[in-house]
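Please read the structure below before turning to the comments.
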Amino acid sequence: MSQNVYDILMERGFIEQCTHPEEVRELLGKESVTFYIGFDATADSLTAGHFLTIMAMMHMQRAGHRPIALLGGGTTMVGDPSGKSDMRKIMTKETIRHNADCFHRQLSRFLDFDNDKAIMANNGDWLLNLNYVDFLREVGAHFSVNRMLTAECYKQRMEKGLTFFEFNYMIMQSYDFLKLNQLYGCQMQMGGNDQWSNIIGGVELIRRKENKPAYGLTFKLLTTSEGIKMGKTMKGAVWLDPAKTSPYEFYQYWRNIEDVKVEECLGLLTFLPMEEVRRLGALKDAEINHAKEVLAYEITKIVHGEEEAKKAQDAARALFVKGADTDNMPTTIYTREELEAGKDILTLLVDSKLAPTRSEARRLVQQGGVTVNDVKATDVYQSFTTADFNEDGALILKKGKKGFHKIKLQ
């Protein structure tokens with residue numbers, strides 16, 4: 001008998017809350033369960049923040065359960081207030097449709113959609129043409145406003161002003177669960193722990209209205225030790241689309257996470273056996289860097305494939321070896337004409353995105369945090385011409401210990 005997927009998710013650190021833990025574990029052990037996770041189509045790529053939920057879906061599918069990836073073609077037009085201090089900007093139907101198509105392509109890399117082994121659904125199919133009065137009678141009647149106002153997602157927004165528009169979100173998400181239950185026999189909703197209130201709403205709606213069992217389960221949110229959501233950098237989100245975040249940058253993000261987060265991320269974001277996760281997580285001091293390399297390689301391999309993971313790892317290692325191959329390092333190209341008059345160090349740092357602004361670049365240089373071809377930059381007015389490039393026609397910029405960029409002559 002293979003291991004119960006509930007135990008796998010628990011051991012690897014996914015499960016935060018569950019509506020009926022014993023029932024859920026028993027159910028997952030004895031039959032194939034259809035479950036869903038929702039993705040609001042607010043961008044044209046999924047992010048590193050979504051990756052944890054994708055991993056959970058992969059574990060579930062491997063254990064014989066059927067995932068539904070629900071794209072929020074309807075709910076994206078409202079916006080989920082959970083964890084938000086401001087109301088989301090309203091998006092057009094065309095943008096949402098385009099984003100949903102992008103999500104479909106990305107999720108197909110991780111989940112097997114052949115022969116109904118997984119389903120892609122879009123809540124726009126039932127939400128956009130709802131009759132408001134019918135909806136209020138059928139669904140709204142089952143929700144207590146007093147109870148809704150105690151939900152964490154609404155409490156946070158009450159001080160700034162919660163619109164009625166957003167207040168509907170919980171009811172719409174609950175209705176999604178009901179519809180998926182009716183259409184596909186979906187018995188369980190999963191999501192990040194910030195979705196707990198919304199998930200309970202759907203579980204209770206199905207139990208009341210259909211008189212059927214329904215379950216909810218939430219995952220731990222990946223945060224830094226300061227409690228900030230992981231998957232964000234100075235440049236913004238860490239995307240799963242290689243055109244938005246290169247495989248090298250993606251690899252470097254995970255290679256550079258805090259020491260205290262390594263074991264947790266290995267458990268959640270790789271398929272390594274738990275004995276190996278614990279062994280790597282127990283490494284200390286300089287040795288923890290090996291664990292970070294393994295983590296970065298394994299995650300990049302799942303998202304971008306083995307070849308890209310290998311390239312990213314080779315490029316990252318090359319930075320610490322003089323004369324090593326730097327072909328896969330992030331690169332900015334200048335023509336010889338552009339460099340005739342010279343480029344100052346601050347321009348190089350901003351163009352290479354190692355610094356977001358000239359003032360931040362100035363601060364980095366003044367604090368001694370920048371080297372050019374292994375020589376510390378000390379002068380904020382220092383300028384570089386073609387004569388400063390090495391024999392390969394390159395300058396290697398380094399910010400701190402971990403930020404690298406190649407400036408190349410064309």
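Laboratory data are not the source of any read-out in this text; all were calculated from the coordinates shown. All of these numbers come straight from a predicted model, not from anything done at the bench. All Cβ positions, glycine included, derive from the backbone under ideal geometry; neighbour counts span all protein chains shown.
Exposure proxy shown here: for 102, 186, the number of other Cβ atoms within 10 Å sets the order, fewest to most, as 102, 186. When each of the peptides 210-221, 329-340, 131-142 is scored by the mean number of other C-beta atoms lying within 10 Å of its residues, the order from highest to lowest reads 210-221, 329-340, 131-142. As an exercise, use a Förster radius of 51 Å and the Cβ-Cβ distance of residue 167 and residue 387 to find the FRET efficiency, rounded to the nearest 0.05. Computed FRET efficiency for residue 167 and residue 387 comes out at 0.20. Dividing the summed -39500 (n - 2.57) terms of all DSSP H runs of n ≥ 4 by the residue count of the chain sets its mean residue ellipticity at 222 nm at -13000 deg cm²/dmol.
Farthest toward the positive end of the dipole of the chain, out of 50, 202, 106, is the Cα of 202, where the dipole comes from beta carbon charges about the Cα centre.
At a Förster radius of 60 Å, what calculated FRET efficiency corresponds to the Cβ-Cβ distance of residue 338 and residue 271, to the nearest 0.05?
0.85
Take every DSSP beta bridge whose two residues both sit in the chain; close to 50 percent of them are antiparallel.
Note down the magnitude of the dipole of segment 5-219 about its Cα centre, charges +1 on Lys and Arg C-beta and -1 on Asp and Glu C-beta and zero elsewhere, to the nearest 20 debye.
For this selection, approximately 220 debye.
Here the contact order of segment 246-318, divided by its residue count and restricted to Cα pairs under 8 Å and six or more residues apart, works out to 44 percent.
Annotation: extensible slack from residue 359 through residue 101 equals 88.9 nm (criterion: 0.36 nm per residue apart, minus Cα-Cα distance). Across the options 68, 378, 145, the greatest Cα extent toward the positive end of the charge dipole of the chain (unit charges at beta carbon of Lys, Arg, Asp, Glu) belongs to 145. Treating the beta-carbon of each Lys and Arg as +1 and of each Asp and Glu as -1, no other charges, what is the dipole magnitude of the chain about its Cα centre, to the nearest 20 debye? With Lys and Arg at +1 and Asp and Glu at -1, about 660 debye.
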